[in-house]
1. Springs between alpha-carbon pairs under 10 angstrom, Gaussian network model over the chain: which of 105, 61, 123 fluctuates most?
2. Which log10 I(q)/I(0) values does the chain give at q = 0.14, 0.17 Å⁻¹ under the Debye formula, counting every alpha carbon as one identical point scatterer?
3. Name the residue, out of 27, 127, 62, whose mean-square fluctuation peaks in a Gaussian network model built on the chain with Cα pairs under 10 Å.
4. Highest GNM mean-square fluctuation, the chain, Cα pairs closer than 10 Å: which of 48, 25, 72?
5. When the convex hull of the C-alpha atoms of segment 70-117 is computed, what volume per residue in Å³ does it have?
6. Roughly what angle does helix 111-124 make with the longest principal axis of the chain, taking Cα atoms, 0 to 90 degrees, to the nearest 10?
7. Give the distance, in whole Å, between the Cα centre of segment 1-50 and the Cα centre of segment 75-115.
8. For residue 114, project a label point 7 Å along Cα to C-beta. Then give me every residue of segment 60-81 with its amide nitrogen under 11 Å of that point.
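Values quoted throughout were computed directly from the atomic coordinates according to the rules given, and no laboratory measurement underlies them. Bear in mind the structure is a predicted one, so any value in this text is a computation, not a measurement. FYI the Cβ positions are ideal-geometry reconstructions off the backbone, even for glycines, and counts take in every protein chain you see.
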């Protein structure tokens, strides 16, 4: 089972282009020995993904989205939630704030991630009371 301490290691293995930015992000946001906040890290990583997409540099996307799928499938409860609310929702928000259509990223998602992406959409469209809730009647 994947826990929160495993996540960024997996992300960095899947996306070597993030390494330099990760070092800077970590220096700016954390003191030595301070617990890292996965949601903060996911938000920064989403910015990196959107920047790559805008530059047409998508060669790492297969590995990136394989990891996000793995987090959904093999993560503990915290990691599964972070895969959706941390990573997918951050990608949607960052893309929207950069004049991109977030739906452009669906083509990179694997099946379980697509399902959670759609549940996020349903929530933000008011079709559900919370992410993962059955649609309202």
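1. Between 105, 61, 123, it is 123 that shows the largest mean-square fluctuation.
2. Summing over Cα pairs of the chain leads to -0.62, -0.92.
3. Maximum among the listed residues: 27.
4. Looking only at 48, 25, 72, the largest GNM fluctuation is found for 25.
5. About 55 Å³ per residue, rounded to a whole number.
6. 70 degrees
7. 16 Å
8. Output list for this probe position: empty.
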